[in-house]
Amino acid sequence: MSTPTTYITTPIYYVNDRPHIGHCYTTLLGDVTARFHRLMDPTPGSTFFLTGTDEHADKVVTSAAAHNVTPLQWADRNAAEFEKAFAFMNASHDDFIRTTQERHKTKVLEYIRALQKRGDIYLGDYTGWFDASQEEYLTETAAKEANFVSPVTGVPLVKKTEKNYFFKLSAYEARLREHFAQHPEFVQPEARRNEVLGRLKDLRDIPISRAITDDPTSQWGIKMPDDPTHRIYVWIDALFNYLSVVDTDARRKYWPASVHFIAKDILWFHAVIWPALLTALKDSDPKYGFVQLPKTVYSHAYWVREGRKMSKSLGNFVSIEVLQAYAAKYGLDAVRWYLITQGPQGATDADFSHAKFVEVYNAELANGIGNCASRVSNMIEKYFAGATPSIGAANTRVHVACADAGGKVAAAMKAADTHAVTSLAVAIIREVDAYINDTQPFKLAKTVDQNPAAKDELGAILANCAEAIRIASVLMSPAMPQKMAQLWQAWNCTPAAGASLADLCVFGGPHALKAGQKISKGENLFNRADAAEAPPA
Ligand code: MSP
């Protein structure tokens, strides 16, 4: 029997854009999810996380020309910007795909040939409303609804007719519907699934090529097999990245993808066109028998800034530079925490607001885990010379708050719901604070000279607090790997390589803080932020 694997992807981003919060967010969501999976199953190589860049868009040619470089040079330059941005974000991807790479182009040609052989691709005429800013055609109805401007960028749509190769999307409608019915988890969240289901009727075949003319723009892309007058439409080329990267002997075990993280803007491509292409490919040749449909397409909502939609015309994107300025002031992990806990994970847009950032930073980090860990370790240093006291037998409220943390993470990850885990961690820290307020260990400490039994009680309280904080830190570590490593170092509890999340999360379990184990207060994890200060620039 083959061992289960997890494969997580992000969209591949248009190489023409500058990296901004939207790209960083989806890649961070993939990163945190991948880190959870690596902890849940620490077998090396059990999780594979992919991100990358989409490079065959027409815009690349135009921008390259404006900068006096070749399209590939332009793509090289900008792909490097994305790689730098994701390295800065501390993303832990296992590979970075660029669609101009040979390994991808060769595979795309193989897939297209297989679809042709099966009769799923034919040459026909296409007339439609072209959105040049998004490189996509809109149907008559969609164009009308959008007032004949791009629903994403507002650029006017242009009516165009061309000879195109078509993919027989219409032939897959029934099978897609059946798949949706049998796999309610296929598109998440629920609101997005319903949206797709509402549109999943009267599907038409879709053009999957563009004509090559004298215009140099039209020469950029992967040529159709055996027809030098057409190139493969950039979206079809791009979707195949998820498969091309793992379609090797060593990596085929990762397919099907566990989660494709995307945002709502590109839902249709991922929820309808992509599974139809895969179904066709699977049936085209026995060698594609492994091409099952991805388990889940998770489509999150959008970041807006200070209540306003971000757009090129407003020039109000939260750029990578803005994120870097926040990281320089508050630490990268605070930025990761804010994005992951406040991000548009569900169907509702999220606001990047400075006031909110400071509020969350103070409440959950500086006054939350930071202060809580420092209070508890401070008391252990002061009253027990830094040696962790014994935990005792009582089923304390902090113990209860940690119950089945491992099981809860596994359930949350099944639903690709990182919010559920970060909220659990925050709730545990709140419980520790409340428990300290209830039991008042600092007062109890004053009585131990007269009453030695009080010392055991004090010890058990502090040990319970420390153990709950340790578990919360494990739950927070995928979002804040550096800060939690700093805490573990001070507390002498860095998880051993190969320790699984389920074991790490057992209160008093195999990885618990042991009685007598040294804990030091260490440096403050997070210094309080002044809400009155201007946003970093
Ligand atoms: N190249 C295509 C995707 C091909 S995938 C086979 C593309 N690229 S993109 O550069 O426009 O990236 C779109 C993705 O960036 C969104 O789906 C989302 O993941 C992210 N975001 C872009 N703007 C965003 C926000 N304002 N908020 C959150 N994420 C957004 O489409």
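The values are calculated or read from the model by the stated rules, or taken from the named source; none is laboratory data. Note that the structure is a prediction, hence the values are computed from the model and not measured. A quick note on method: Cβ atoms are made from the backbone with ideal geometry, for glycine too, and the neighbour counts reach across all protein chains shown. Side chains included, ligands, DNA and RNA excluded: accessible areas come from the protein's heavy atoms. Shrake-Rupley method; radii C 1.70, N 1.55, O 1.52, S 1.80 Å.
Per residue, the accessible area of the range 247-297 comes to 33 Å², computed with a 1.4 Å probe over protein heavy atoms only. Relative to one another, the C-alpha centroids of the range 62-89 and the range 459-476 are positioned 46 Å apart. For Lys159, which aspartates and glutamates qualify as cross-link partners when the Cα separation must be under 16 Å and same-chain residues fewer than eight apart are set aside? The reachable aspartates and glutamates, counting only those whose Cα sits under 16 Å from Lys159, are Asp125, Asp131, Glu135, Glu136, Glu140, Glu145. Measuring between their Cα centroids, the range 347-413 and the range 237-270 lie 36 Å from each other.
For the range 158-199, the C-alpha radius of gyration divided by 2.2 N^0.38 Å, with N the number of residues, is 1.58. Under a 5 Å amide H cut-off, with hydrogens placed 1.01 Å from N, Thr53 pairs with Tyr13, Ile97, Arg98, Thr99 among residues at least 5 apart or on other chains.
Here's the list of aspartates and glutamates a cross-link from Lys521 could span, going by alpha-carbon distance under 12 Å and ignoring same-chain residues fewer than 8 apart: Glu381. For the range 81-123, the carbon plus sulfur part of the accessible surface works out to 49%, probe radius 1.4 Å. For the range 99-177, take the alpha-carbon Rg, divide it by the Kirkwood Rh, and send me Rg/Rh. My calculation of the ratio gives 1.05.
Amide H to amide H, with H built 1.01 Å from N, Ile208 comes under 5 Å of Tyr165, Phe166, Phe167, counting only residues 5 or more places away or on other chains. Along the axis of the charge dipole computed for the range 332-428 (Cβ charges of +1 for Lys and Arg, -1 for Asp and Glu, origin at the Cα centre), the listed residues Ala387, Ser423, Ser377 are led at the positive end by Ala387. Normalised by the number of residues in the chain, the mean separation of alpha-carbon contacts (under 8 Å, six or more apart) gives a relative contact order of 16 percent. Using alpha-carbon positions, what is the distance between the centroids of the range 147-219 and the range 307-344, in Å? For the range 147-219 versus the range 307-344, the Cα centre distance is 31 Å. Measuring max minus min along each principal axis, the C-alpha atoms of the range 151-223 give extents of 48, 30, 22 Å (largest first).
Divide the volume of the convex hull around the Cα atoms of the range 459-537 by the residue count and you get 124 Å³ per residue.
In the range 404-480, Cα pairs under 8 Å separated by at least six residues give a relative contact order of 37 percent.
Straight-line cross-link partners of Lys163 among the lysines, defined as a Cα under 29 Å from its Cα and at least 8 positions apart when in the same chain: Lys59, Lys105, Lys107, Lys117, Lys144, Lys201, Lys223, Lys282. With Rh defined as the Kirkwood radius, the inverse of the mean 1/r over Cα pairs, the Rg/Rh of the chain is 1.04.
About the centre of its Cα atoms, the range 117-249 shows a dipole size close to 300 debye [charges on the beta carbon of Lys, Arg (+1) and Asp, Glu (-1) only; nearest 20 debye]. Computed over the alpha-carbon atoms, the range 409-472 gives an Rg to Rh ratio of 1.20, Rh here being the Kirkwood radius from the mean inverse distance. Within the accessible area of the range 26-78, the carbon and sulfur atoms contribute 59%, probe 1.4 Å, all protein chains present. Each residue of the range 233-250 was assigned a 3J(HN,Hα) from its phi angle through the Karplus expression (A = 6.51, B = -1.76, C = 1.60, θ = phi - 60°), giving 4, 4, 5, 5, 3, 5, 4, 5, 4, 4, 8, 4, 5, 9, 7, 9, 4, 6 Hz with x at Gly and Pro. Per residue, the range 383-497 exposes an accessible area of 41 Å² to a 1.4 Å probe, with every protein chain left in place.
When the residues Arg98, Arg118 are ordered by accessible surface, computed with a 1.4 Å probe over the protein chains alone, the sequence from largest down reads Arg118, Arg98.
Across all directions, the average flat footprint of the convex hull enclosing the Cα atoms of the range 336-478 is 9.5 nm². The mean accessible area for residues of the range 85-210, using a 1.4 Å probe and ignoring ligands and nucleic acids, is 50 Å² per residue.
What is the sum of charges around Ser218, taking Lys and Arg as +1, Asp and Glu as -1, for the other residues whose C-beta is under 12 Å from the C-beta of Ser218? Computed value for this residue: -1.
For Tyr7, nonlocal amide neighbours, meaning residues 5 or more places apart or on other chains whose placed amide H falls under 5 Å from its own, are Phe48, Ser258, Val259. For the chain, hydrophobic long helices are taken as DSSP H runs at least 18 Å long by C-alpha position along their axis with mean Kyte-Doolittle hydropathy of -0.5 or more; these are 21-40, 71-88, 371-384, 418-439, 452-476. Count Lys and Arg as plus one, Asp and Glu as minus one, and take only other residues whose Cβ is under 15 Å from that of Gln188; the net charge is then +1.
Ranking of Asp202, Asp349 by solvent-accessible surface, largest first: Asp202, Asp349 (1.4 Å probe, protein heavy atoms only, all chains present). Among beta bridges from DSSP that stay inside the chain, the antiparallel ones total about 50%.
Per residue, the chain reaches -13500 deg cm²/dmol at 222 nm when only DSSP H runs of four or more residues are counted, each adding -39500 (n - 2.57). Sequentially through the range 508-523, phi angles give Karplus couplings (6.51, -1.76, 1.60; θ = phi - 60°) of x, x, x, 10, 5, 5, 8, 4, x, 5, 6, 10, 10, 5, x, 6 Hz, Gly and Pro residues having no value and appearing as x.
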